[in-house]
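The values are calculated or read from the model by the stated rules, or taken from the named source; none is laboratory data. Everything numeric in this text was worked out from a predicted model, so none of it was measured. Because the Cβ atoms are built from the backbone with ideal geometry, glycine has one as well, and the counts that use them run over all protein chains shown.
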Amino acid sequence: MVDGKAELLAPAGDLEKLKWACAYGADAVYFGYEFGSLRSFAGNFSLADAEAGIKYLHERGKKGYAALNIYPFSKEYDKVRETAGVLDEVGVDAFIVADIGVLNCLKRLGVRAAIHVSTQANTVSDAAAIAYADMGASRVNLARELSAEQICEIAKKTERRIETEVFVHGSVCFSYSGRCAISDYLTGYRANHGECKHPCRWKYALVEEKRPGEYMPVYEDERGLYFFNSKELALFEYVGRLTEAGVASFKIEGRMKAVHYLASVVSFYRQVLDGKKFSREEGMRLLGRVPNRGYSDGFMKGDVGPDDYSMGESLSQANSLFVGNITGEKYEGKSVVEVRNKICGDDELEVLKPDGTLTTITMPAEMMTTNGQSVDVVNNNKAITIDIDLPEFSVLRKVGTKDEKYRC
Ligand code: SF4
C-alpha cells in the first residue's frame, strides 16, 4: 500500500527501464540480480546497477524489490546467502522468493528487507497465504490461476495477516505458472532457473520421420493449433473490485519488454489505479499500442477456454510503432529526440507524456539532426531536435496499420 492506496509495481529489466517505470508512475519496481532471478536473459542488474537503482527509487519515495525466485539446488545455497547479503546491504525493500527453502534461509539470515512470495509459488488459498505469513513473509503474489471471486475472498480473509499482490497485465505461462519443463526438454534451458526460451509461443507442425523437412500443419480446429500460445493478461477492469477487497499491489509482467511497453502499460495502469475509468474498447486500443499476442482476462473471469489462446498465430502485433523518445537534453534550445525507428518529414506522430496524456504532432518536412544536418528521413541511432517543449521520457509513435506505420 502507498498512502492507503494500492501500489503499482512495474518490471525493470535494467537501470534505464527502472527510470522509465518511475517516470510513468510506478510506485515500486522489481528487478533481477546476477544470480537468482527467474529471468536470466532480462539484462539483470549488476551490484553497481542495484545500488544506483535503489538510490534513484528511494530519492523519489519509491521502492525496489529484488527477485530471488529461482528454485535453487542444495549446492546453490551459498550463492543464495551471498546474494541476499549483498542486496540487503544495498537497501532493497523486499526479496521476491518462490522456494520455501529460500524463504527460510532469508529468515535465518535475518535480512532487513521484507519477504514477498512470488507467483511461482502458486498460492491459491488463504490457508497457504497465512502459512507464508507464519513463516515471515509480508506479502504474497496470488496465483494467476485464480478467479476474481477467489482473489477477493483470499484478500479479505488474509488482510490482517499478509498483503496480497496480483498480476494485472502481461504474459502468462500456458502451464500452471512455472510448472513446466518444455524449455528444459526442447532447448536445455531450465524454466525454473530463469532460463525459459518460451517454446510455448512457438509454432508447431508435424513431421513424418522418413520425410524430414516436410512440415505438415496441425489443426486443432479450423483456426489451427493454438493450445500452447496463451494470450496476455489485461485486467484493468478488475482493479476497482480487487482494490475494494483489499489487494495491496498490482503487478505488471515484463522484465524483458522494451521501454515503449513500460511507458504505455505503466501509465495506463497508473491512471486506472488513480480512478480513471476506461471502457474495454478504449483500454484495449491503448494497450494495443505495444506488441502483444492478443489480450484476455485469463482465469480472472473463471475458467479459460480457446479464446484465451492466440488462434494459430504466435506473432506479436501492435497498432503503433515506437519511433522516438525525448531524452531530456537540449540542443540549441530545442528538445532532443532519440530516434528508435524511421521518422519521415510531415509524419503525424502520437506523443505519450509521462503523466499519461496523449497529443498529436506533425513533424516538419525538414528535420534537424544534432549534427546540424537537415534531413527529410531519419533512422534509428540518430538524434534530431524538435521545436516543441516535451518532458523527458515522452514517447513519439506512429499509429495505424502496419503499412501506414512504415510508409514514407
Ligand atoms: S515454456 Fe511457456 S509455459 Fe513453459 S515456463 Fe516457459 S513461458 Fe511458461
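Scanning segment 245-264 for residues that are in a helix (DSSP H, G or I) and either free of Cβ contacts under 8 Å to residues at least 24 places away in the same chain or of a type in the set (G, A, S) (or both) yields A263, S264. Selection of first residues in segment 85-111 that are buried (at least 17 other Cβ atoms within 10 Å of the Cβ) and of second residues that are among the polar types (S, T, N, Q), restricted to Cβ pairs under 7 Å at least 6 apart or on distinct chains, gives the following pairs, ordered by first then second residue: I96/N69; I96/S118; V97/N69; V97/S118; A98/N69; A98/S118; A98/Q120.
Using the structure shown, decide if A121 is more than 16 Å from the ligand (Cβ to nearest atom), of a type in the set (A, V, I, L, M, F, W, C) and in the same structural domain as V304 (by TED's automatic domain parsing). No. Inside segment 265-303, residues that are touching a residue at least 24 places away in the same chain (Cβ under 8 Å) and part of a helix (DSSP H, G or I) make up a count of 18.
Only one of the numbered conditions (1) assigned to a helix (DSSP H, G or I); (2) among the polar types (S, T, N, Q); (3) within 16 Å of the ligand (Cβ to nearest atom) is violated by Q150, and that is (3). Return yes or no: is R160 over 30 Å from N292 (Cβ atoms) and assigned to a loop (DSSP other than H, G, I, E, B)? Considered against the rule, which asks whether it is over 30 Å from N292 (Cβ atoms) and assigned to a loop (DSSP other than H, G, I, E, B), R160 comes out as yes. Taking the conditions (1) surrounded by fewer than 23 Cβ atoms within 10 Å (Cβ to Cβ); (2) in a helix (DSSP H, G or I) in turn, L57 satisfies each one other than (1).
Considering segment 84-136, the residues that are in a helix (DSSP H, G or I) and within 23 Å of the chain's Cα centre (by Cα) include one that is nearest to E7 (Cα to Cα), namely T119. Count of segment 163-217 residues, restricted to those that are assigned to a strand (DSSP E or B) and either more than 13 Å from the ligand (Cβ to nearest atom) or free of Cβ contacts under 8 Å to residues at least 24 places away in the same chain (or both), is 11. For segment 180-213, the set of residues classified as more than 20 Å from the chain's Cα centre (by Cα) and basic (K, R) consists of R190, K203, K210, R211, listed by residue number.
Please work out if V304 is within 16 Å of the ligand (Cβ to nearest atom) and in contact with a helix residue (DSSP H, G or I) (Cβ under 9 Å, 6 or more places away or on another chain). Considered against the rule, which asks whether it is within 16 Å of the ligand (Cβ to nearest atom) and in contact with a helix residue (DSSP H, G or I) (Cβ under 9 Å, 6 or more places away or on another chain), V304 comes out as yes.
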